[in-house]
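**Q** The structure follows.
The values are calculated or read from the model by the stated rules, or taken from the named source; none is laboratory data. Remember, predicted model here, so these are calculated numbers, not experimental data. Backbone-built Cβ (ideal geometry, glycine too); neighbour counts: all protein chains shown.
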Amino acid sequence: MDELKHHIAHTKGVWHINYCHKIYLCSDGSKRGIGGYLFQTIDGEERVTAYFSRSTRPDERKWDTRELEVLAMLATLEYFHQYIDGQRVFLQTDHRNLLWLSKVR
């Protein structure tokens, strides 16, 4: 608990988005919830702009892992649309089976 308090007290906080740098979205999905965050890497430092999360709905909990990962990506993109509309965005996920999406035009 003390370590958690330390990390919360010493966090670097969130940053305003800088459109002169690459914009990244990271997302993840599971049976319990989906979420993601918007960040940029500036001067070798990851700077988070905002976070998003929500619980999965009862019908979504029946979905397979691949579907939940895609749901997390789509929900994260929709949530941050006001930041990323018209911008090139790099999407990160931890689910290797979704790599085929990067080849779709």
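**Q** Please work out if residue 61 is farther than 17 Å from residue 87 by Cβ, assigned to a helix (DSSP H, G or I) and not acidic (Asp, Glu).
**A** Answer is yes for this residue.
**Q** Right, something else. Consider region 1-56. How many of its residues are loosely packed, with under 10 Cβ neighbours inside 10 Å, modelled with pLDDT of 95 or more and under 23 Å from residue 94 (Cβ atoms)?
**A** So the answer is 1.
**Q** Looking only at region 27-41, filter to residues that are in contact (Cβ under 8 Å) with a residue 40 or more places away in the chain and of a type in the set (A, V, I, L, M, F, W, C); which one of those is farthest from residue 71 (Cα to Cα)? Steps first, please.
**A** As a first pass, look at region 27-41 and keep what is in contact (Cβ under 8 Å) with a residue 40 or more places away in the chain: 27-29, 34-36, 38.
Imposing the further condition that a residue be of a type in the set (A, V, I, L, M, F, W, C) reduces the set to 34, 38.
Working: 34: 8, 38: 16 Å.
Across region 27-41, the extreme among qualifying residues is 38.
**Q** Can you pull out the residues in region 82-104 that are modelled with pLDDT under 80 and surrounded by 10 or more Cβ atoms within 10 Å (Cβ to Cβ)?
**A** Step one: filter region 82-104 for residues modelled with pLDDT under 80, giving 94-104.
Correct list: 94, 95, 97, 98, 101.
**Q** Here is a further query. Out of region 9-26, which residues are assigned to a loop (DSSP other than H, G, I, E, B) and without any contact (Cβ under 8 Å) to a residue 40 or more places away in the chain?
**A** Those that are assigned to a loop (DSSP other than H, G, I, E, B) and without any contact (Cβ under 8 Å) to a residue 40 or more places away in the chain: 10, 11, 12, 13, 14, 15, 16, 18, 20, 21.
**Q** Where the second residue is buried (at least 21 other Cβ atoms within 10 Å of the Cβ) and of a type in the set (Ser, Thr, Tyr) and the first is in a helix (DSSP H, G or I) and lies in region 71-82, which pairs have Cβ atoms under 6 Å and are six or more apart or on separate chains?
**A** Listed by first residue and then by second, the contacts come to 72/27; 73/27; 76/27.
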